[in-house]
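Undergrad: So that we are looking at the same thing, I have put the structure below in structure tokens.
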Amino acid sequence: MSGLRERKKQATREALMTAALRLALERGLQNVRVEDIAAEAGVSPRTYNNYFSSKHEAIIARHVDRVRRSVAALRARPPEEPFWEALTEAVVEPWAQGIGGPGAALDPEVLASTRMLADEPALRAEALQAVFASEDELVAAIAERTGTDPVRDLYPSLVAVAVTAVVQAAIEHWLRSDPPVPFVPLLRDALRALAAGLPVP
């Protein structure tokens, strides 16, 4: 029963995220209210508030989820895998599921939400704040993987902040590219360049 309840909660959360993005794209972010998103998803505003505290949070939720999925992916990588290889693949994994590799069609929702994050200053600020707030989870996973202490040692925090910046830089480069370039190879190359300058201590 608990498994069914969790699946229903996740389905509601997904519906709210999708509705928030769809309405923001159709009407403009400033013209969307929480009540509109809730109605679009078929739930009450009170139910909406059980999942998200604002319309901004609902729109950026998938971006934040990618950080958490990368943390889970890093912890699941084979222990004998070199650290930077494991970290690179863990960071790429959630993006690859939505964007694809060379020749793969772009997921329109991923592209639209990514462009919105880049174009809306308030949304971008909210996204960065949320990603930095969830960064502690990445720091902890990096510390576990490298045998360092997240409180005593600088290395886990340094790597986490650097990875966050690399992802942001790759996104911005990808959105500006003309002609378009595949995102996943771009992100992987950016992370490999970072790895070349930050060897494991």
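Undergrad: Report, by residue number, each residue of segment 28-48 that is of a type outside the set (A, V, I, L, M) and in contact with a helix residue (DSSP H, G or I) (Cβ under 8 Å, 6 or more places away or on another chain). Show your work before the answer.
TA: Of segment 28-48, the ones of a type outside the set (A, V, I, L, M) are 28, 30-31, 33, 35-36, 40, 42, 44-48.
Within segment 28-48, R33, E35, D36, E40, G42, S44, P45, T47, Y48 qualify.
Undergrad: Would it be correct to say that A86 is surrounded by 18 or more Cβ atoms within 10 Å (Cβ to Cβ), at pLDDT below 95 and of a type in the set (G, A, S)?
TA: No: the conditions fail for A86.
Undergrad: In segment 135-174, which residues are open to solvent by 30 Å² or more (accessible area, probe 1.4 Å) and among the hydrophobic types (A, V, I, L, M, F, W, C)?
TA: A140, V151, L154, L158, V161, A165, A169
Undergrad: Output yes when any residue across segment 141-153 is part of a helix (DSSP H, G or I), at pLDDT 90 or above and acidic (D, E), and no when none is.
TA: Among the residues of segment 141-153, at least one is part of a helix (DSSP H, G or I), at pLDDT 90 or above and acidic (D, E), which makes the answer yes.
Undergrad: Which of the residues that make up segment 101-128 are open to solvent by 70 Å² or more (accessible area, probe 1.4 Å) and either of a type in the set (D, E) or at pLDDT 75 or above (or both)?
TA: R115, D119, P121, R124, listed by residue number.
Undergrad: Quick check, is V131 under 13 Å from the mean Cα position of the chain (by Cα) and surrounded by 17 or more Cβ atoms within 10 Å (Cβ to Cβ)?
TA: Spelling it out, V131 is indeed under 13 Å from the mean Cα position of the chain (by Cα) and surrounded by 17 or more Cβ atoms within 10 Å (Cβ to Cβ).
The values are calculated or read from the model by the stated rules, or taken from the named source; none is laboratory data. These numbers come from a predicted model, not from an experiment. Every residue, glycine as well, gets a Cβ built from its backbone with ideal geometry; the counts of neighbours run over all protein chains shown. With ligands, DNA and RNA removed, areas are computed over all heavy atoms of the protein, side chains included. Shrake-Rupley method; radii C 1.70, N 1.55, O 1.52, S 1.80 Å.
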